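Before any comments, here is the structure.
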Amino acid sequence: MKVTCVTSVTYVKPVNVRQCAHNARIFLALSFAVLLGLTLNPVASAQNAPPPPPAKSLAALAPTLQGNPTNVEFVRPYGEVRSAVVSVTSNYDPKRPVPILFGFGGWHDSPENYRNYSRFSNTGAAQEAIVVYSRGRENAWEGAPYSRTTRGGDVDFVRQIVGELQKHYNVDMNRIYAVGMSNGGGMAANLACQAPDLMAGVVGVSGAYYNPVNEGCAPGSVPTFLVHGSEDKLTHYQGGSLHDAPYLPVMNVINSRAQANGCAPQPVQSELPGGVTQFGFPGCKDEAVHWRVNGQDHTWFVSPDIANEAWRFLARQNKTLPGPAE
């Protein structure tokens, strides 16, 4: 028998040493060019740079906050990270319930800036309360036409902060207060409107009361103190339109709160020192008071000393006490 054996043969092309060396030099040159481009290109560097360190959570910072105002992160249920400057009184005693005061600045106001000019650090609030200077989305609050938050979003953020503070401090849930300037005054009105179950008192200073802050309000009374200059050139005392959106006259807002608070329909008018006309509503379940500061413009008032006057009004409010505070 004849057997034929077949062997597989692979043809190998002779290596061109010069060509390999040339290719290697091209590869190294291209690699160096790419690396150099990444180093010199600021866009590429920014994209690859690590993000700045985030503010810490309340759980991490709570032991260090007493007497030390600090920016604190709050992670919203849907993952967004928001923040607030939290100032816990140096007199905090875990055996004694402590009130919370929320402070809201005007449009474009950072919480740091509002904390500086509001001067609550010079009032009893600094000695008696946890003061929270919340940060709005793009430093704006709901209800205004420039707000980046839909209705209820900022109110829910306030509720979340209260809930998280409760986990670390002995919070007096009968003494949750809010005060704000301009757009922040509108936010304080929002809280009275949407969250009367939470709020024990609100103060609006030179408030921007766009229509939504006083619409569809939940039933319930909230002690309310509104202070506004008669010559306010931005948010006019008699109401108007701004940013193509109407806003309410100050008296309309306080009349609405007085009705919710069970007051008599007509206020008692009186003159106070410093060019202040007071409109106080009698017969209320909870206080409803308006100060018209005659001749004054759109401002956080120094005379009257609005920081101390606001805290004086709020500090006497307590949801467990029946009738208006005296």
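The values are calculated or read from the model by the stated rules, or taken from the named source; none is laboratory data. Only a predicted model underlies this, so the values are computations on that prediction, with no experimental measurement involved. Please note: Cβ atoms are built from the backbone with ideal geometry, for glycine as well, and neighbour counts cover all protein chains shown. SASA here: full protein model, heavy atoms, side chains in, ligands and nucleic acids out. Shrake-Rupley method; radii C 1.70, N 1.55, O 1.52, S 1.80 Å.
Looking at ALA144, ALA125, which is the one that is assigned to a loop (DSSP other than H, G, I, E, B) and open to solvent by less than 20 Å² (accessible area, probe 1.4 Å)?
ALA144
Take the residues in the stretch 148-179 that are among the small types (Gly, Ala, Ser) and touching a residue at least 24 places away in the same chain (Cβ under 8 Å), then tell me which one is nearest to ALA84 (Cα to Cα).
The residue in question is ALA178.
In this structure, is MET187 of a type outside the set (Phe, Trp, Tyr) and open to solvent by 10 Å² or more (accessible area, probe 1.4 Å)?
So MET187 does not fit the description; no.
Cβ-Cβ distance below 7 Å, separation of 6 or more or different chains: which pairs start in the stretch 180-196 with a residue that is part of a loop (DSSP other than H, G, I, E, B) and end on one that is crowded, with 24+ Cβ neighbours inside 10 Å?
Qualifying pairs under 7 Å: SER182/GLY106; SER182/SER206; SER182/GLY207; SER182/ALA208; SER182/THR235; PRO196/VAL222.
Take the stretch 256-273 and flag every residue that is more than 30 Å from the chain's Cα centre (by Cα) and either open to solvent by 60 Å² or more (accessible area, probe 1.4 Å) or of a type in the set (Asp, Glu) (or both).
Matches in the stretch 256-273: PRO265, GLN266, VAL268, GLN269, GLU271, PRO273.
Which numbered condition trips up LEU321, out of (1) open to solvent by 70 Å² or more (accessible area, probe 1.4 Å); (2) at pLDDT 95 or above; (3) of a type in the set (A, V, I, L, M, F, W, C)?
Checking LEU321 against (1) open to solvent by 70 Å² or more (accessible area, probe 1.4 Å); (2) at pLDDT 95 or above; (3) of a type in the set (A, V, I, L, M, F, W, C), the one that fails is (2).
Among the residues of the stretch 154-179, write down those that are outside any helix (DSSP H, G or I) and over 19 Å from GLY136 (Cβ atoms).
Hits for the stretch 154-179 are LYS167, HIS168, TYR169, ASN170, VAL171, ASP172, MET173, ASN174, ARG175.
Tell me which of these GLU287 doesn't satisfy, since it passes every other one: (1) surrounded by fewer than 23 Cβ atoms within 10 Å (Cβ to Cβ); (2) under 23 Å from SER256 (Cα atoms); (3) in contact (Cβ under 8 Å) with a residue 24 or more places away in the chain.
Result: GLU287 passes all but (1).
Check off (1) among the hydroxyl-bearing types (Ser, Thr, Tyr); (2) touching a strand residue (DSSP E or B) at 6+ places or on another chain (Cβ under 8 Å); (3) surrounded by fewer than 13 Cβ atoms within 10 Å (Cβ to Cβ) for SER303 and give me the number that stays unchecked.
SER303 satisfies all of (1) among the hydroxyl-bearing types (Ser, Thr, Tyr); (2) touching a strand residue (DSSP E or B) at 6+ places or on another chain (Cβ under 8 Å); (3) surrounded by fewer than 13 Cβ atoms within 10 Å (Cβ to Cβ) except (2).
Take the residues in the stretch 67-85 that are within 12 Å of TYR133 (Cβ to Cβ) and polar (S, T, N, Q), then tell me which one is most open to solvent (accessible area, probe 1.4 Å).
Of everything passing the filter in the stretch 67-85, ASN71 is most open to solvent (accessible area, probe 1.4 Å).
Which condition number does ASN68 fail, the rest of (1) out of contact with any strand residue (DSSP E or B) (no Cβ under 7 Å at 6 or more places or on another chain); (2) farther than 28 Å from PHE313 by Cβ; (3) modelled with pLDDT of 85 or more; (4) not basic (Lys, Arg) being met?
(2)
Report the residue count in the stretch 147-164 for those that are aliphatic (A, V, I, L, M) and buried (at least 24 other Cβ atoms within 10 Å of the Cβ).
Residues in the stretch 147-164 being aliphatic (A, V, I, L, M) and buried (at least 24 other Cβ atoms within 10 Å of the Cβ): 1 in total.
Can you name every residue in the stretch 215-255 that is open to solvent by 20 Å² or more (accessible area, probe 1.4 Å), of a type in the set (Gly, Ala, Ser) and out of contact with any Ser or Thr (no Cβ under 9 Å at 6 or more places or on another chain)?
Answer for the stretch 215-255, where residues must be open to solvent by 20 Å² or more (accessible area, probe 1.4 Å), of a type in the set (Gly, Ala, Ser) and out of contact with any Ser or Thr (no Cβ under 9 Å at 6 or more places or on another chain): GLY216, ALA218, GLY220, GLY240, SER241.
Pick out, from the stretch 217-301, the strands (runs of 3 or more DSSP E) lying fully within it that include 3 or more residues that are modelled with pLDDT under 95.
So the answer is none; nothing clears 3.
It is to be established whether one or more residues within the stretch 86-101 are open to solvent by 10 Å² or more (accessible area, probe 1.4 Å), in a strand (DSSP E or B), at pLDDT 95 or above and not basic (Lys, Arg).
yes
Among the residues of the stretch 148-157, is there at least one that is in contact with a Phe, Trp or Tyr (Cβ under 6 Å, 6 or more places away or on another chain) and either under 22 Å from GLN259 (Cβ atoms) or at pLDDT 95 or above (or both)?
Scanning the stretch 148-157 turns up at least one residue that is in contact with a Phe, Trp or Tyr (Cβ under 6 Å, 6 or more places away or on another chain) and either under 22 Å from GLN259 (Cβ atoms) or at pLDDT 95 or above (or both).
Every residue, every condition in (1) touching a Gly at 6+ places or on another chain (Cβ under 9 Å); (2) not polar (S, T, N, Q), yes or no:
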position	(1), (2)
ALA218	no, yes
PHE225	yes, yes
HIS228	yes, yes
HIS236	no, yes
SER241	no, no
